[in-house]
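Notes follow the structure.
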Amino acid sequence: MSRHCLEASLRFTLPCSGTGTEGPAKQENFILGSCSTDQVKGVLTLQGDALSQADVNLKIPRNNQLLHFAFREDKQWKLQQIQDARNHVSQAIYLLANRDESYQFRTGAEVLKLMDAVMLQLTRARNRLTTPATLTLPEIAASGLTRMFAPALPSDLLVNVYINLNKLCLTVYQLHALQPNSTKNFRPAGGAVLHSPGAMFEWGSQRLEVSHVHKVECVIPWLNDALVFFTVSLQLCQQLKDKISVFSSYWSYRPF
């Protein structure tokens, strides 16, 4: 179990056990695409838990316009999901390793308590990768991500980046303003991982509607590995808990 936690930690370039040193976060380029559209193409550079570069092309069919925008050179965007997952794995390892090698557990209840604490951290780490945040459109508009690009994003575009399971996802929303005399029933959209065309929101003095949604993604292999190690580690924790419960019942009900 401890070995699988350490394997997961290596995927997040956590400090190596016993050395106190951290593996270097190398830069990895990922080409994002979709089998359903070629209107958005992007190359994102991931360095540990941060996007250090982004290069995005958007083709707008109505006027055959090609838009290109990239991160400013002085900017990086932290992927909070990866950072949080990393912190939870680090805490799980700390719980397992924060004892002298000669330490002996005195009761099964003590082991069960430790397993519960470790499983809680591993579950939280896994959930951060499998459950992207639900955001409203105003929250996406107010995000610092929109100010990362040069040239600046046009006012009728929103961009969101997130992790979903083992995938890095980029969503581009095209917007249009609703006219004051519009007969459409204005109903602001709630929070969602991915908003649909027709979603409405208010930003500043304008009422806006999503006209087109473009989503591209790619698999990050080391996130896939981490999710596998989370699952295996949780299974091993549960197996140990089950065995301790069986033995505890045996000792409690012995007839002699």
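The values are calculated or read from the model by the stated rules, or taken from the named source; none is laboratory data. Computed from a predicted structure; not experimentally measured. Backbone-built Cβ (ideal geometry, glycine too); neighbour counts: all protein chains shown. Heavy atoms of the whole protein, side chains included, go into the accessibility calculation; ligands, DNA and RNA do not. Shrake-Rupley method; radii C 1.70, N 1.55, O 1.52, S 1.80 Å.
Table for the structure above
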{"item": "First in the stretch 119-130 and touching a residue at least 60 places away in the same chain (Cβ under 8 Å) and within 10 Å of Phe230 (Cβ to Cβ), second anywhere and among the basic types (Lys, Arg) and assigned to a helix (DSSP H, G or I), Cβ under 8 Å, 6 or more apart", "result": "Ala125/Arg86"}
{"item": "Selection count, the stretch 107-142, where residues are closer than 24 Å to Ser196 by Cα and open to solvent by less than 30 Å² (accessible area, probe 1.4 Å)", "result": "5"}
{"item": "Every residue from the stretch 237-256 that is modelled with pLDDT of 90 or more and buried (at least 18 other Cβ atoms within 10 Å of the Cβ)", "result": "Cys237"}
{"item": "Those strands (runs of 3 or more DSSP E) lying entirely in the stretch 134-238 with at least 2 residues of a type in the set (Asp, Glu)", "result": "206-219"}
{"item": "Any hit, the stretch 156-167, residues being in contact with an Asp or Glu (Cβ under 9 Å, 6 or more places away or on another chain), open to solvent by 60 Å² or more (accessible area, probe 1.4 Å) and closer than 30 Å to Met200 by Cα", "result": "yes"}
{"item": "The stretch 61-81, residues that are at pLDDT 85 or above and part of a loop (DSSP other than H, G, I, E, B)", "result": "Arg72, Gln76, Leu79"}
{"item": "Residues located in the stretch 222-235, provided they are free of Cβ contacts under 8 Å to residues at least 60 places away in the same chain and more than 14 Å from the chain's Cα centre (by Cα)", "result": "Val228, Gln235"}
{"item": "Residue match in the stretch 83-93 (condition: basic (Lys, Arg), surrounded by 17 or more Cβ atoms within 10 Å (Cβ to Cβ), modelled with pLDDT of 90 or more and part of a helix (DSSP H, G or I))", "result": "yes"}
{"item": "Some residue of the stretch 198-212 being open to solvent by less than 10 Å² (accessible area, probe 1.4 Å) and in contact (Cβ under 8 Å) with a residue 12 or more places away in the chain", "result": "yes"}
{"item": "Residue check, Arg147 free of Cβ contacts under 8 Å to residues at least 24 places away in the same chain, within 28 Å of Leu175 (Cα to Cα) and not hydroxyl-bearing (Ser, Thr, Tyr)", "result": "yes"}
{"item": "Cross-chain or 6+ apart pairs with Cβ under 8 Å, the stretch 48-75 first and closer than 14 Å to Pro154 by Cα and without any contact (Cβ under 8 Å) to a residue 12 or more places away in the chain, then open to solvent by 70 Å² or more (accessible area, probe 1.4 Å) and in a strand (DSSP E or B)", "result": "Gln65/Lys59; Leu66/Lys59"}
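The rows are residues; the columns are (1) more than 20 Å from the chain's Cα centre (by Cα); (2) among the β-branched types (Val, Ile, Thr).
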residue: Phe105; (1), (2): yes, no
residue: Gln121; (1), (2): no, no
residue: Thr136; (1), (2): no, yes
residue: Ala142; (1), (2): no, no
residue: Pro154; (1), (2): yes, no
